Amino acid sequence: MLTQVDSGALHGIDAFTVHVEVDVQSGMPAWTIVGLPDTAVQESRERVRTAIRNSGLDYPLQRLTVNLAPADTRKEGPSFDLPIAVGILAVSEQVPMNELDSMLIVGELSLDGTVRPINGALSLALHAHATGKRRIILPAENAPEVAVVKGLEVYPMIDLRDVVDFLCNPQARLPLSVDTETLLSATPPYEVDFAEVRGQESAKRALEIAAAGGHNLLFVGSPGSGKTMLARRLPTILPPMTLKEALETTRIHSVAGALGKRAGLMITRPFRSPHHTTSYAALVGGGSIPRPGEISLSHNGVLFLDELPEYKRDVLEAMRQPLEDGVISVSRVQAAVEFPARCMLIAAMNPCPCGFYGDPHHSCSCNQTLIRKYLQRISGPLLDRIDMHLEVPRLRQEELLNLQPGESSETIRKRVVAARQRQQERFGAQGTFCNAHMSSRQVRQYCPINEDCKAFLRQAINQLGLSARAFDRVLKIARTIADLNDSESIQLPHLSEAVQYRSIDRRFWGAG
(Lines give C-alpha, C1' and ligand atoms only; values in the text may rest on other atoms or scores of the structure.)
Protein backbone atom coordinates (compact mmCIF):
# COMPACT_ATOMS: atom_id res chain seq x y z
CA MET A 1 0.00 0.00 0.00
CA LEU A 2 1.30 3.45 -0.94
CA THR A 3 0.57 6.99 0.27
CA GLN A 4 2.09 10.44 -0.26
CA VAL A 5 2.49 13.36 2.15
CA ASP A 6 3.74 16.73 0.91
CA SER A 7 6.45 18.45 2.89
CA GLY A 8 9.10 21.03 2.06
CA ALA A 9 12.80 21.84 2.22
CA LEU A 10 14.91 24.98 1.90
CA HIS A 11 17.25 26.25 -0.80
CA GLY A 12 18.73 29.45 0.57
CA ILE A 13 15.72 31.32 1.93
CA ASP A 14 13.38 29.83 -0.68
CA ALA A 15 11.50 26.56 -0.29
CA PHE A 16 10.63 23.69 -2.60
CA THR A 17 8.20 20.80 -2.30
CA VAL A 18 9.36 17.40 -1.12
CA HIS A 19 6.96 14.51 -1.71
CA VAL A 20 7.25 11.98 1.11
CA GLU A 21 6.16 8.66 -0.37
CA VAL A 22 5.60 5.79 2.06
CA ASP A 23 5.10 2.22 0.90
CA VAL A 24 4.37 -0.81 3.13
CA GLN A 25 4.69 -4.40 2.00
CA SER A 26 4.45 -7.71 3.78
CA GLY A 27 7.72 -9.32 4.79
CA MET A 28 10.41 -9.09 7.45
CA PRO A 29 10.22 -5.77 9.41
CA ALA A 30 12.63 -3.30 7.81
CA TRP A 31 12.79 0.36 6.95
CA THR A 32 14.63 2.00 4.04
CA ILE A 33 14.85 5.76 3.32
CA VAL A 34 15.90 6.82 -0.18
CA GLY A 35 16.07 10.18 -1.97
CA LEU A 36 19.51 11.54 -0.95
CA PRO A 37 18.81 11.85 2.80
CA ASP A 38 21.53 13.26 5.05
CA THR A 39 22.44 11.78 8.44
CA ALA A 40 19.70 13.68 10.30
CA VAL A 41 17.06 12.30 7.91
CA GLN A 42 18.45 8.76 8.16
CA GLU A 43 18.21 8.97 11.94
CA SER A 44 14.52 9.87 11.67
CA ARG A 45 13.79 6.13 11.51
CA GLU A 46 14.49 5.75 15.22
CA ARG A 47 12.79 9.02 16.21
CA VAL A 48 9.63 8.28 14.23
CA ARG A 49 9.36 4.64 15.31
CA THR A 50 9.74 5.50 18.99
CA ALA A 51 7.45 8.56 18.79
CA ILE A 52 4.64 6.51 17.22
CA ARG A 53 4.85 3.85 19.92
CA ASN A 54 5.14 6.34 22.80
CA SER A 55 2.07 8.18 21.46
CA GLY A 56 -0.06 5.05 21.91
CA LEU A 57 -0.27 4.36 18.17
CA ASP A 58 0.52 1.20 16.24
CA TYR A 59 3.78 0.89 14.36
CA PRO A 60 3.43 -1.55 11.41
CA LEU A 61 5.78 -4.53 11.70
CA GLN A 62 6.22 -4.82 7.95
CA ARG A 63 8.65 -3.72 5.24
CA LEU A 64 8.62 0.08 4.91
CA THR A 65 10.14 2.14 2.10
CA VAL A 66 10.22 5.93 2.33
CA ASN A 67 11.15 7.97 -0.75
CA LEU A 68 11.87 11.71 -0.60
CA ALA A 69 11.22 13.12 -4.06
CA PRO A 70 12.76 14.73 -6.06
CA ALA A 71 15.44 12.09 -5.67
CA ASP A 72 18.28 14.15 -7.17
CA THR A 73 18.18 16.88 -4.47
CA ARG A 74 19.85 16.34 -1.12
CA LYS A 75 17.49 16.45 1.89
CA GLU A 76 18.79 17.62 5.25
CA GLY A 77 17.49 18.29 8.74
CA PRO A 78 14.87 16.71 11.00
CA SER A 79 11.83 18.54 9.56
CA PHE A 80 10.73 15.40 7.68
CA ASP A 81 10.01 13.46 10.89
CA LEU A 82 6.37 14.52 11.13
CA PRO A 83 5.41 13.96 7.45
CA ILE A 84 7.10 10.55 7.53
CA ALA A 85 5.16 9.63 10.69
CA VAL A 86 1.89 10.82 9.13
CA GLY A 87 2.66 8.80 6.00
CA ILE A 88 3.23 5.65 8.07
CA LEU A 89 0.01 6.23 10.04
CA ALA A 90 -1.90 6.83 6.80
CA VAL A 91 -0.55 3.76 5.04
CA SER A 92 -1.42 1.66 8.11
CA GLU A 93 -4.97 3.16 8.02
CA GLN A 94 -4.74 4.94 11.38
CA VAL A 95 -5.49 8.34 9.82
CA PRO A 96 -7.53 9.09 6.66
CA MET A 97 -5.73 9.89 3.40
CA ASN A 98 -8.41 12.00 1.70
CA GLU A 99 -7.29 15.36 3.16
CA LEU A 100 -3.52 14.94 2.83
CA ASP A 101 -3.21 16.33 -0.70
CA SER A 102 -4.40 19.77 0.49
CA MET A 103 -1.78 20.02 3.25
CA LEU A 104 1.90 20.69 3.69
CA ILE A 105 3.32 19.04 6.81
CA VAL A 106 6.64 19.81 8.52
CA GLY A 107 8.08 19.21 11.97
CA GLU A 108 10.66 17.36 14.05
CA LEU A 109 9.59 14.67 16.51
CA SER A 110 10.88 13.97 20.00
CA LEU A 111 10.93 10.40 21.28
CA ASP A 112 7.79 11.07 23.33
CA GLY A 113 5.92 12.34 20.27
CA THR A 114 6.30 16.07 20.97
CA VAL A 115 6.53 18.19 17.80
CA ARG A 116 9.68 20.30 17.97
CA PRO A 117 10.24 23.62 16.10
CA ILE A 118 12.12 23.88 12.81
CA ASN A 119 14.00 26.58 10.90
CA GLY A 120 12.53 28.32 7.85
CA ALA A 121 8.86 27.79 8.69
CA LEU A 122 7.79 31.09 7.10
CA SER A 123 9.50 30.27 3.79
CA LEU A 124 7.79 26.87 3.79
CA ALA A 125 4.40 28.47 4.48
CA LEU A 126 4.81 31.04 1.69
CA HIS A 127 5.75 28.21 -0.68
CA ALA A 128 2.72 26.17 0.42
CA HIS A 129 0.44 29.10 -0.34
CA ALA A 130 2.14 29.75 -3.70
CA THR A 131 1.70 26.11 -4.76
CA GLY A 132 -2.01 26.03 -3.94
CA LYS A 133 -1.96 24.27 -0.58
CA ARG A 134 -4.88 25.12 1.64
CA ARG A 135 -3.45 24.08 5.02
CA ILE A 136 -0.12 23.74 6.78
CA ILE A 137 0.55 21.54 9.80
CA LEU A 138 3.62 22.57 11.76
CA PRO A 139 5.05 22.84 15.31
CA ALA A 140 3.19 25.14 17.68
CA GLU A 141 6.33 27.22 18.35
CA ASN A 142 6.59 28.09 14.64
CA ALA A 143 2.93 29.08 14.27
CA PRO A 144 3.17 32.81 15.20
CA GLU A 145 5.62 33.58 12.36
CA VAL A 146 3.52 31.64 9.82
CA ALA A 147 0.07 32.95 10.79
CA VAL A 148 0.71 36.19 8.87
CA VAL A 149 0.45 34.36 5.51
CA LYS A 150 -2.92 35.31 4.09
CA GLY A 151 -5.00 32.60 2.39
CA LEU A 152 -3.32 29.71 4.22
CA GLU A 153 -4.90 27.87 7.14
CA VAL A 154 -2.29 27.40 9.87
CA TYR A 155 -2.69 24.53 12.34
CA PRO A 156 -0.10 24.45 15.16
CA MET A 157 0.52 21.02 16.69
CA ILE A 158 1.87 20.11 20.13
CA ASP A 159 2.49 16.39 19.64
CA LEU A 160 1.84 13.48 17.30
CA ARG A 161 -1.38 12.54 19.05
CA ASP A 162 -2.60 16.10 18.42
CA VAL A 163 -1.85 15.65 14.70
CA VAL A 164 -3.78 12.39 14.56
CA ASP A 165 -6.83 13.91 16.26
CA PHE A 166 -6.82 16.78 13.77
CA LEU A 167 -6.45 14.55 10.69
CA CYS A 168 -9.31 12.36 11.88
CA ASN A 169 -11.58 15.38 12.49
CA PRO A 170 -10.21 18.53 10.78
CA GLN A 171 -13.49 20.46 11.15
CA ALA A 172 -13.21 20.40 14.95
CA ARG A 173 -10.40 22.98 15.05
CA LEU A 174 -10.12 26.56 13.84
CA PRO A 175 -6.89 27.74 12.17
CA LEU A 176 -4.61 30.27 13.86
CA SER A 177 -4.72 33.82 12.51
CA VAL A 178 -3.25 37.22 13.37
CA ASP A 179 -4.07 40.78 12.38
CA THR A 180 -1.00 41.96 10.44
CA GLU A 181 -2.20 45.58 10.27
CA THR A 182 -2.43 45.80 14.06
CA LEU A 183 0.92 44.05 14.39
CA LEU A 184 2.72 46.43 12.01
CA SER A 185 1.10 49.53 13.53
CA ALA A 186 2.54 48.75 16.96
CA THR A 187 5.48 50.91 18.04
CA PRO A 188 8.65 48.81 18.12
CA PRO A 189 10.17 48.57 21.61
CA TYR A 190 13.55 50.29 21.90
CA GLU A 191 15.67 50.50 25.02
CA VAL A 192 17.68 53.50 23.80
CA ASP A 193 16.76 56.96 22.53
CA PHE A 194 18.52 59.91 20.93
CA ALA A 195 17.29 62.07 23.80
CA GLU A 196 20.01 60.44 25.91
CA VAL A 197 22.80 61.68 23.63
CA ARG A 198 24.61 64.79 24.82
CA GLY A 199 26.08 67.09 22.20
CA GLN A 200 27.32 65.55 18.94
CA GLU A 201 24.84 67.56 16.88
CA SER A 202 26.79 67.04 13.64
CA ALA A 203 26.83 63.26 14.16
CA LYS A 204 23.11 63.19 14.93
CA ARG A 205 22.46 65.25 11.80
CA ALA A 206 24.51 62.77 9.74
CA LEU A 207 22.56 59.84 11.16
CA GLU A 208 19.27 61.56 10.35
CA ILE A 209 20.38 62.05 6.73
CA ALA A 210 21.61 58.46 6.56
CA ALA A 211 18.28 57.16 7.90
CA ALA A 212 16.23 59.35 5.55
CA GLY A 213 18.10 58.21 2.43
CA GLY A 214 19.34 54.75 3.40
CA HIS A 215 22.98 55.86 3.14
CA ASN A 216 26.06 54.09 4.50
CA LEU A 217 28.07 56.01 7.09
CA LEU A 218 31.60 55.90 8.52
CA PHE A 219 32.45 57.47 11.89
CA VAL A 220 36.08 58.36 12.60
CA GLY A 221 36.95 59.51 16.10
CA SER A 222 38.93 59.00 19.28
CA PRO A 223 37.95 56.35 21.84
CA GLY A 224 35.07 57.49 24.01
CA SER A 225 33.71 60.05 21.56
CA GLY A 226 30.37 58.21 21.34
CA LYS A 227 30.58 56.46 17.96
CA THR A 228 29.10 53.18 19.17
CA MET A 229 26.44 54.90 21.30
CA LEU A 230 25.28 56.91 18.29
CA ALA A 231 25.22 53.92 15.94
CA ARG A 232 23.13 51.82 18.33
CA ARG A 233 20.42 54.47 18.29
CA LEU A 234 20.08 54.55 14.51
CA PRO A 235 17.29 51.89 14.35
CA THR A 236 15.14 54.09 16.61
CA ILE A 237 14.80 56.73 13.87
CA LEU A 238 14.36 54.43 10.89
CA PRO A 239 10.88 54.29 9.33
CA PRO A 240 8.57 51.40 10.33
CA MET A 241 8.87 48.26 8.24
CA THR A 242 6.30 47.52 5.56
CA LEU A 243 4.66 44.09 5.39
CA LYS A 244 6.95 43.10 2.52
CA GLU A 245 10.06 44.15 4.45
CA ALA A 246 8.85 42.39 7.60
CA LEU A 247 8.23 39.16 5.69
CA GLU A 248 11.65 39.29 4.01
CA THR A 249 13.42 39.97 7.30
CA THR A 250 11.51 37.31 9.20
CA ARG A 251 12.20 34.71 6.50
CA ILE A 252 15.95 35.27 6.70
CA HIS A 253 16.04 35.09 10.50
CA SER A 254 13.77 32.03 10.47
CA VAL A 255 16.05 30.16 8.04
CA ALA A 256 19.08 31.08 10.16
CA GLY A 257 17.35 29.90 13.36
CA ALA A 258 17.65 33.38 14.86
CA LEU A 259 13.97 34.13 15.60
CA GLY A 260 13.67 32.63 19.06
CA LYS A 261 10.83 30.60 20.54
CA ARG A 262 7.27 31.53 19.56
CA ALA A 263 8.50 34.67 17.82
CA GLY A 264 6.10 36.17 15.33
CA LEU A 265 6.60 38.62 12.50
CA MET A 266 9.61 40.89 13.02
CA ILE A 267 8.47 44.52 13.21
CA THR A 268 11.76 45.92 14.53
CA ARG A 269 14.51 46.55 12.01
CA PRO A 270 17.51 44.32 12.75
CA PHE A 271 20.71 45.74 14.20
CA ARG A 272 23.67 43.39 13.84
CA SER A 273 27.05 44.12 15.38
CA PRO A 274 29.50 41.25 14.71
CA HIS A 275 32.85 41.26 16.52
CA HIS A 276 35.92 42.19 14.51
CA THR A 277 37.15 38.57 14.78
CA THR A 278 34.15 37.41 12.72
CA SER A 279 35.11 35.00 9.96
CA TYR A 280 34.38 35.39 6.26
CA ALA A 281 31.75 32.61 6.32
CA ALA A 282 30.00 34.09 9.37
CA LEU A 283 29.68 37.46 7.64
CA VAL A 284 28.63 36.40 4.13
CA GLY A 285 27.01 33.05 4.92
CA GLY A 286 28.29 29.54 4.45
CA GLY A 287 28.14 25.86 5.23
CA SER A 288 27.86 22.88 2.91
CA ILE A 289 24.28 24.00 2.38
CA PRO A 290 24.68 27.82 2.61
CA ARG A 291 22.96 29.64 5.45
CA PRO A 292 22.59 33.44 5.86
CA GLY A 293 25.45 35.39 7.40
CA GLU A 294 25.54 38.69 9.26
CA ILE A 295 25.15 40.75 6.07
CA SER A 296 21.88 39.01 5.22
CA LEU A 297 20.67 39.04 8.82
CA SER A 298 21.01 42.84 8.59
CA HIS A 299 18.70 43.01 5.54
CA ASN A 300 16.28 45.96 5.87
CA GLY A 301 18.21 47.05 8.95
CA VAL A 302 21.65 48.10 10.14
CA LEU A 303 25.01 46.32 10.03
CA PHE A 304 27.39 47.97 12.48
CA LEU A 305 31.10 47.24 12.12
CA ASP A 306 32.99 48.70 15.06
CA GLU A 307 36.79 49.01 14.90
CA LEU A 308 36.61 48.67 11.12
CA PRO A 309 40.37 48.32 10.40
CA GLU A 310 40.59 45.37 12.82
CA TYR A 311 38.49 43.14 10.56
CA LYS A 312 40.35 40.76 8.26
CA ARG A 313 40.92 42.11 4.77
CA ASP A 314 38.90 39.37 3.03
CA VAL A 315 35.98 39.99 5.41
CA LEU A 316 35.91 43.69 4.55
CA GLU A 317 36.26 43.09 0.81
CA ALA A 318 33.27 40.75 0.99
CA MET A 319 31.17 43.83 1.74
CA ARG A 320 31.75 45.34 -1.69
CA GLN A 321 29.19 43.32 -3.68
CA PRO A 322 26.26 43.58 -1.23
CA LEU A 323 26.83 47.32 -0.72
CA GLU A 324 26.55 47.79 -4.48
CA ASP A 325 23.94 45.19 -5.47
CA GLY A 326 21.89 44.56 -2.31
CA VAL A 327 22.36 40.78 -2.64
CA ILE A 328 25.17 38.39 -1.79
CA SER A 329 25.96 35.26 -3.81
CA VAL A 330 27.26 32.21 -1.99
CA SER A 331 28.52 29.30 -4.10
CA ARG A 332 29.33 25.86 -2.77
CA VAL A 333 29.89 22.48 -4.44
CA GLN A 334 26.38 21.32 -3.58
CA ALA A 335 24.52 24.58 -4.03
CA ALA A 336 24.72 28.19 -5.16
CA VAL A 337 22.27 30.64 -3.60
CA GLU A 338 21.61 34.36 -3.36
CA PHE A 339 20.69 35.99 -0.08
CA PRO A 340 19.13 39.46 0.21
CA ALA A 341 21.61 41.92 1.74
CA ARG A 342 20.11 45.41 1.39
CA CYS A 343 21.30 46.90 4.66
CA MET A 344 22.71 50.18 5.94
CA LEU A 345 26.38 49.87 6.82
CA ILE A 346 27.45 51.96 9.79
CA ALA A 347 31.17 51.65 10.49
CA ALA A 348 33.32 53.17 13.22
CA MET A 349 37.07 53.43 13.58
CA ASN A 350 39.84 55.27 15.36
CA PRO A 351 42.00 57.68 13.35
CA CYS A 352 45.19 55.76 14.23
CA PRO A 353 46.32 52.64 16.16
CA CYS A 354 46.48 54.47 19.51
CA GLY A 355 43.25 56.33 18.72
CA PHE A 356 44.34 59.88 19.50
CA TYR A 357 45.59 61.29 16.19
CA GLY A 358 44.23 64.84 15.98
CA ASP A 359 42.82 64.76 19.52
CA PRO A 360 43.42 68.16 21.21
CA HIS A 361 43.54 66.62 24.72
CA HIS A 362 45.71 63.53 24.18
CA SER A 363 48.97 63.25 22.33
CA CYS A 364 49.23 60.60 19.60
CA SER A 365 52.01 58.01 20.06
CA CYS A 366 51.90 56.79 16.44
CA ASN A 367 54.31 57.81 13.70
CA GLN A 368 53.14 58.58 10.17
CA THR A 369 54.12 55.13 8.88
CA LEU A 370 51.96 53.38 11.49
CA ILE A 371 49.04 55.70 10.80
CA ARG A 372 49.31 55.16 7.05
CA LYS A 373 49.45 51.35 7.40
CA TYR A 374 46.47 51.44 9.76
CA LEU A 375 44.32 53.51 7.41
CA GLN A 376 45.32 51.43 4.39
CA ARG A 377 43.58 48.43 5.92
CA ILE A 378 40.44 50.05 4.48
CA SER A 379 40.68 49.68 0.71
CA GLY A 380 39.78 52.52 -1.62
CA PRO A 381 36.94 50.58 -3.37
CA LEU A 382 35.28 49.81 -0.01
CA LEU A 383 35.71 53.37 1.24
CA ASP A 384 34.20 54.64 -2.00
CA ARG A 385 31.05 52.60 -1.35
CA ILE A 386 30.44 54.26 2.01
CA ASP A 387 28.39 57.35 1.19
CA MET A 388 29.13 59.54 4.20
CA HIS A 389 32.33 59.99 6.23
CA LEU A 390 32.25 61.99 9.43
CA GLU A 391 34.78 62.86 12.12
CA VAL A 392 33.31 62.55 15.62
CA PRO A 393 35.12 64.78 18.13
CA ARG A 394 35.26 64.31 21.87
CA LEU A 395 32.57 66.07 23.88
CA ARG A 396 33.48 69.41 25.38
CA GLN A 397 33.26 69.89 29.13
CA GLU A 398 30.10 71.98 28.94
CA GLU A 399 28.42 69.33 26.79
CA LEU A 400 29.25 66.60 29.31
CA LEU A 401 27.80 68.67 32.16
CA ASN A 402 24.61 69.55 30.26
CA LEU A 403 21.81 67.43 31.74
CA GLN A 404 19.09 68.67 29.41
CA PRO A 405 17.66 65.87 27.20
CA GLY A 406 18.29 66.18 23.49
CA GLU A 407 15.81 65.77 20.65
CA SER A 408 13.94 62.47 20.98
CA SER A 409 14.10 59.61 18.50
CA GLU A 410 10.36 59.95 17.87
CA THR A 411 10.75 63.57 16.74
CA ILE A 412 13.63 62.74 14.42
CA ARG A 413 11.81 59.67 13.07
CA LYS A 414 8.85 61.82 11.99
CA ARG A 415 11.15 63.87 9.75
CA VAL A 416 12.77 60.70 8.40
CA VAL A 417 9.39 59.14 7.61
CA ALA A 418 8.24 62.31 5.83
CA ALA A 419 11.42 62.30 3.70
CA ARG A 420 10.96 58.61 2.85
CA GLN A 421 7.36 59.25 1.79
CA ARG A 422 8.57 61.92 -0.65
CA GLN A 423 10.99 59.40 -2.10
CA GLN A 424 8.30 56.75 -2.49
CA GLU A 425 6.07 59.21 -4.31
CA ARG A 426 8.98 60.17 -6.57
CA PHE A 427 10.02 56.65 -7.51
CA GLY A 428 6.52 55.20 -7.70
CA ALA A 429 6.53 51.56 -8.81
CA GLN A 430 10.15 51.53 -10.03
CA GLY A 431 11.28 49.27 -7.19
CA THR A 432 13.55 51.91 -5.63
CA PHE A 433 12.80 52.46 -1.95
CA CYS A 434 15.18 55.26 -1.00
CA ASN A 435 17.70 57.66 -2.51
CA ALA A 436 20.72 55.50 -1.74
CA HIS A 437 19.36 52.78 -4.06
CA MET A 438 19.05 55.04 -7.11
CA SER A 439 20.71 53.85 -10.31
CA SER A 440 22.96 56.15 -12.35
CA ARG A 441 20.07 56.82 -14.72
CA GLN A 442 17.80 57.76 -11.81
CA VAL A 443 20.48 60.06 -10.38
CA ARG A 444 20.53 61.98 -13.67
CA GLN A 445 16.72 62.07 -13.74
CA TYR A 446 15.95 63.01 -10.14
CA CYS A 447 19.05 65.00 -9.12
CA PRO A 448 19.29 67.89 -11.62
CA ILE A 449 21.38 70.85 -10.46
CA ASN A 450 21.64 74.48 -11.58
CA GLU A 451 24.76 76.25 -12.88
CA ASP A 452 25.85 77.48 -9.43
CA CYS A 453 25.75 73.92 -8.13
CA LYS A 454 27.67 72.65 -11.15
CA ALA A 455 30.42 75.24 -10.58
CA PHE A 456 30.61 74.27 -6.92
CA LEU A 457 30.85 70.57 -7.82
CA ARG A 458 33.64 71.19 -10.32
CA GLN A 459 35.65 72.84 -7.56
CA ALA A 460 34.88 69.97 -5.15
CA ILE A 461 35.96 67.36 -7.71
CA ASN A 462 39.28 69.15 -8.26
CA GLN A 463 40.00 69.64 -4.56
CA LEU A 464 38.79 66.29 -3.21
CA GLY A 465 39.55 64.06 -6.20
CA LEU A 466 36.05 62.54 -6.20
CA SER A 467 35.59 59.36 -8.22
CA ALA A 468 32.58 58.85 -10.48
CA ARG A 469 30.96 56.67 -7.81
CA ALA A 470 31.65 59.26 -5.09
CA PHE A 471 30.24 61.97 -7.36
CA ASP A 472 26.95 60.06 -7.69
CA ARG A 473 26.82 59.47 -3.96
CA VAL A 474 27.25 63.18 -3.26
CA LEU A 475 24.24 63.87 -5.46
CA LYS A 476 22.20 61.18 -3.70
CA ILE A 477 23.03 62.67 -0.29
CA ALA A 478 22.14 66.15 -1.55
CA ARG A 479 18.81 64.77 -2.80
CA THR A 480 18.13 63.34 0.68
CA ILE A 481 18.99 66.63 2.39
CA ALA A 482 16.62 68.41 0.00
CA ASP A 483 13.89 65.88 0.89
CA LEU A 484 14.43 66.55 4.60
CA ASN A 485 14.03 70.25 3.87
CA ASP A 486 10.91 69.62 1.77
CA SER A 487 12.62 71.06 -1.31
CA GLU A 488 11.66 69.95 -4.82
CA SER A 489 15.11 70.73 -6.21
CA ILE A 490 18.69 70.44 -4.99
CA GLN A 491 20.02 73.83 -3.91
CA LEU A 492 23.57 74.97 -3.20
CA PRO A 493 23.25 74.64 0.63
CA HIS A 494 22.11 71.02 0.19
CA LEU A 495 25.03 70.25 -2.09
CA SER A 496 27.63 71.96 0.09
CA GLU A 497 26.48 69.97 3.14
CA ALA A 498 26.64 66.75 1.10
CA VAL A 499 30.21 67.49 -0.03
CA GLN A 500 31.26 67.96 3.60
CA TYR A 501 30.58 64.28 4.19
CA ARG A 502 33.41 63.43 1.76
CA SER A 503 35.90 66.05 2.96
CA ILE A 504 37.66 64.01 5.68
CA ASP A 505 38.84 61.58 2.99
CA ARG A 506 41.47 64.07 1.96
CA ARG A 507 42.71 64.52 5.53
CA PHE A 508 42.99 60.82 6.43
CA TRP A 509 43.32 58.97 3.11
CA GLY A 510 44.32 61.76 0.76
CA ALA A 511 41.57 61.05 -1.79
CA GLY A 512 37.80 61.17 -2.20
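The values are calculated or read from the model by the stated rules, or taken from the named source; none is laboratory data. Predicted model, so just to flag it, every value in this text is computed and none were measured. A quick note on method: Cβ atoms are made from the backbone with ideal geometry, for glycine too, and the neighbour counts reach across all protein chains shown. Quick note on the areas: whole protein, heavy atoms, side chains included, nothing else; ligands and nucleic acids left out. Shrake-Rupley method; radii C 1.70, N 1.55, O 1.52, S 1.80 Å.
Compare the peptides 404-414, 280-290 by average per-residue count of other Cβ atoms within 10 angstrom and give them in order, highest first.
Working: 404-414: 15.5, 280-290: 18.7.
Output ranking for 404-414, 280-290: 280-290, 404-414.
Can you give the extra length, in nm with one decimal, that the chain gains between residue 368 and residue 36 once fully stretched, where that is 0.36 nm per residue apart less the Cα-Cα distance?
113.6 nm
Going by amide H atoms built from the backbone, whose H comes under 5 Å of the H on residue 75, apart from near neighbours?
38
DSSP beta bridges in the chain, what fraction antiparallel, as a percent rounded to 5? Can you show the working numbers first?
On the way: 28 of 57 bridges.
Of the beta bridges lying entirely in the chain, close to 50 percent run antiparallel.
Give me the accessible area per residue for the stretch 1-122, probe 1.4 Å, as a whole number in Å².
Numbers: 4920 Å² over 122 residues.
Counting only protein heavy atoms, the per-residue value for the stretch 1-122 is 40 Å².
Quick one: Debye curve from the alpha-carbon atoms of the stretch 99-253 only, equal weights, vacuum; give me log10 I(q)/I(0) at q = 0.15 Å⁻¹ to two decimals.
Log10 I(q)/I(0), no solvent term: -0.84.
Subtract the Cα-Cα distance of residue 150 and residue 317 from 0.36 nm times their separation in residues, and report this length gain in nm to one decimal.
Values: separation 167, 0.36 × 167 = 60.12 nm, distance 4.01 nm.
Computed gain between residue 150 and residue 317 is 56.1 nm.
Could you work out what % of the accessible surface of the chain is carbon and sulfur, using a 1.4 angstrom probe and leaving DNA, RNA and ligands out of the count?
50 percent
Just to check I understand the Karplus step: with θ = phi - 60° and J = 6.51 cos²θ - 1.76 cosθ + 1.60, what whole-Hz values come out for the stretch 436-443, glycine and proline as x?
Whole-Hz 3J(HN,Hα) from phi for the stretch 436-443: 5, 8, 5, 7, 4, 5, 5, 4.
Among all lysine pairs in the chain that are eight or more places apart or on different chains, how many have alpha carbons less than 20 angstrom apart?
Taking the chain as the scope, the lysine pair count is 7.
Listed highest first by mean packing, meaning other Cβ atoms within 10 Å per residue, what order do 246-252, 305-311, 472-478, 443-449 come in?
Answer by packing, highest mean first, reads 472-478, 246-252, 305-311, 443-449.
In Å², and per residue, what accessible area does the stretch 326-421 have when probed at 1.4 Å with the other protein chains present?
On a per-residue basis, the stretch 326-421 sits at 52 Å².
Do any trypsin sites (Lys or Arg not before Pro) in the stretch 137-226 lie in a loop, going by DSSP, with at most 11 other beta-carbon atoms within 10 Å of their beta carbon, and if so which?
In loop regions of the stretch 137-226 (DSSP not H, G, I, E or B), the sparsely surrounded trypsin sites (Lys or Arg not before Pro) are 150.
Looking at the stretch 63-218 only, what percent of DSSP beta bridges run antiparallel? Nearest 5 please.
35 percent
If r is the Cβ-Cβ distance from residue 327 to residue 503 and R0 is 25 Å, what FRET efficiency results, to the nearest 0.05?
0.20
Considering only protein heavy atoms, what per residue accessible area in square angstrom results for the stretch 136-233 with a 1.4 angstrom probe?
39 Å²
Could you state the angle between the C-alpha long axis of helix 451-464 and the longest principal axis of the C-alpha atoms of the chain, as a value from 0 to 90 degrees rounded to the nearest 10?
90 degrees
What FRET efficiency comes out for residue 99 versus residue 190 if R0 is 45 angstrom and r is the Cβ-Cβ distance? Round to the nearest 0.05.
That gives a FRET efficiency of 0.50.
Once the other residues with Cβ under 15 Å from the Cβ of residue 433 are scored (Lys, Arg +1; Asp, Glu -1), what is the net sum?
+3
Ignoring everything except DSSP H segments at least 4 long, calculate the 222 nm mean residue ellipticity for the chain; use -39,500 (n - 2.57) per segment, divide by total residues, nearest 500.
-10500 deg cm²/dmol
Count charges around residue 114 for me, please; just the other residues with Cβ under 12 Å from its Cβ, Lys/Arg as +1, Asp/Glu as -1. Walk me through the intermediate numbers first.
Details: positive: 47, 116, 161; negative: 81, 108, 112, 141, 159, 162.
Here the charged neighbours net out to -3.
Going through the stretch 257-294, which trypsin sites (Lys or Arg not before Pro) have at most 11 other Cβ atoms within 10 Å and a DSSP loop state? Present the calculation step by step, with values, prior to reporting the outcome.
Numbers: sites: 261, 262, 272; in loops: 261, 262.
Listed in order of number, the matching sites are 261.
Estimate the FRET efficiency between residue 414 and residue 158 by the formula 1/(1 + (r/R0)^6), using the beta-carbon distance for r and 45 Å for R0, to the nearest 0.05.
Computed FRET efficiency for residue 414 and residue 158 comes out at 0.55.
Return the loop-located trypsin sites (Lys or Arg not before Pro) in the stretch 293-362 (DSSP other than H, G, I, E, B) with at most 14 other Cβ atoms within 10 Å of their own Cβ; answer none if there are none.
On the way: sites: 312, 313, 320, 332, 342; in loops: 312, 332, 342.
In loop regions of the stretch 293-362 (DSSP not H, G, I, E or B), the sparsely surrounded trypsin sites (Lys or Arg not before Pro) are 332.
Can you compute the modelled spin-label distance between residue 110 and residue 467, with each label point 7 Å from Cα toward Cβ, in nm?
According to this spin-label approximation, the distance is 5.5 nm.
Would you kindly derive the ³J(HN,Hα) couplings of the stretch 56-67 from the backbone phi angles with the Karplus curve 6.51 cos²θ - 1.76 cosθ + 1.60 (θ = phi - 60°), listing them in order in whole Hz, with x for Gly and Pro?
x, 10, 8, 9, x, 8, 9, 8, 10, 10, 10, 10
What is the extension gain from residue 455 to residue 487, computed as 0.36 nm multiplied by their sequence separation minus the C-alpha to C-alpha distance, in nm to one decimal?
My answer for the length gained is 9.5 nm.
Between residue 242 and residue 69, what is the label-point separation in nm under the 7 Å Cα-to-beta-carbon projection?
Using points 7 Å along Cα→Cβ, the separation is 4.0 nm.
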